[in-house]
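Reviewing the structure listed below.
The values are calculated or read from the model by the stated rules, or taken from the named source; none is laboratory data. As the structure is a computational prediction, the values presented were derived from the model and not from experiment. Every residue, glycine as well, gets a Cβ built from its backbone with ideal geometry; the counts of neighbours run over all protein chains shown.
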């Protein structure tokens, strides 16, 4: 059974306190570490939380300047990151030093229009290294 996406109340902004209460003591520190890292000088990403009426939930669009790098959503027991690539980026993804399971899932992903989704359910600190590798790659693309 698919876990339930959380943060579905339009008038409750996903502040650190709300995120901590929603994700709990196990996953919130992983999210906090991730957000702290990607907003530092090296990555210089900006998280933008917005409530989207079409999905009836809060989503975080993470951008570099005007370029969307990833989307983040909060679920029961984990947070989900979604990256989108085009077909011309398949080789570059295959060459990344990330878990083979991520590459395999990406290779099997059904395109949404011209974009191919790479969706990662983040359930632990050990996944952050791969996420940061993917972010650096995504930032480098033209």
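Listed values, structure above:
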{"quantity": "Residue in the range 92-99 that is part of a loop (DSSP other than H, G, I, E, B) and more than 19 Å from residue 122 (Cα to Cα) present", "calculated": "no"}
{"quantity": "Residues that are buried (at least 16 other Cβ atoms within 10 Å of the Cβ) and out of contact with any helix residue (DSSP H, G or I) (no Cβ under 7 Å at 6 or more places or on another chain), drawn from the range 16-48", "calculated": "18, 22, 27, 35"}
{"quantity": "Selection from the range 82-115 of residues that are within 24 Å of residue 35 (Cα to Cα) and either in contact (Cβ under 8 Å) with a residue 24 or more places away in the chain or surrounded by 15 or more Cβ atoms within 10 Å (Cβ to Cβ) (or both)", "calculated": "82, 83, 84, 85, 93, 96, 97, 98, 99, 102, 103, 106"}
{"quantity": "Complete set of residues in the range 49-70 that are under 17 Å from residue 136 (Cβ atoms) and surrounded by 13 or more Cβ atoms within 10 Å (Cβ to Cβ)", "calculated": "62, 63, 64, 68, 69, 70"}
{"quantity": "Strands (runs of 3 or more DSSP E) wholly inside the range 1-91 containing at least 1 residues that are more than 19 Å from residue 127 (Cβ to Cβ) and at pLDDT 95 or above", "calculated": "46-52, 57-64, 67-75"}
